[in-house]
Amino acid sequence: MKSTLMISTLFIIMLTACGGGEKSDQSLNEEQPPQQEPSGDQPEQLAMYESDQLTVFETTGWEITDEKLASNRLNVMLNGDKVKAILTVVPNEKSFDEVKQELKTGAGDVEIIQEEDNYLSFQSKRNESIKTEVYLREEHNNVYVFTFMVPVTEYEANKEKIEKLLNNISI
C-alpha cells in the first residue's frame, strides 16, 4: 500500500501541474456505456460529491476521502477498498497527448498496456505492481482526468467497481 500512496501522491502532483486536452465527443472509453443522468423514470440518485464541475452519484463500495481545490484545479480522491480513484478537473491548456506524456513521465518505470486518444492504461514495474487506468475527457473548457489505481492482482475482481463509478460521474 505504500507504493499505492506514492503513486497516488505522484498523480495528484502531476495532474495539478498539467491541464488541457483535445476536443472529443466520444465517451471516456469506447467500451464504456454512456454516463447516465437521473431521469424522471428512474429513482433520483443521491450525490456523494457535487461541485460546479462534476457530480459523483452514490456508488456502492466507494467513499470520498479528500478534496483539494486550488485556484481552478479540482482533485477529488475516492477509496474503493483495493481501488483508489482521483477525479481531476483542470483548464484545457494542454492537449491530451501532452497530459498523457506528463503522466507517463511522472509515473516512472511503467509498462504501457493500452493507449488511445482519451484513454491510457499502464502498470508499474515494481514488486507490488499497480495497474493505472486514466480516462480523459474535455467539456466546458476543462479537461477531466479520471485516474484509477489498483494492484494488478486485484484488477479483475475490481474492474466492475471501476466501471460503476465511471458511470456515476456526471459532468
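May I ask which of LYS82/LYS161; LYS82/LYS131; LYS84/LYS161; LYS68/LYS94; LYS84/LYS131; LYS104/LYS125 have a Cα-Cα span longer than 18 Å here? Before the final figure, lay out the partial values.
On the way: LYS82/LYS161 10 Å; LYS82/LYS131 11 Å; LYS84/LYS161 11 Å; LYS68/LYS94 21 Å; LYS84/LYS131 11 Å; LYS104/LYS125 13 Å.
Long pairs (Cα-Cα over 18 Å): LYS68/LYS94.
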Item to check | Amide H within-cut-off set for MET48, under 5 Å, with H built and near neighbours excluded | outcome: VAL56, PHE57, GLU58
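Read-outs throughout are calculated quantities, based only on the coordinates presented, and are distinct from any laboratory measurement. Keep in mind the model is a prediction, meaning the values are calculated, not measured.
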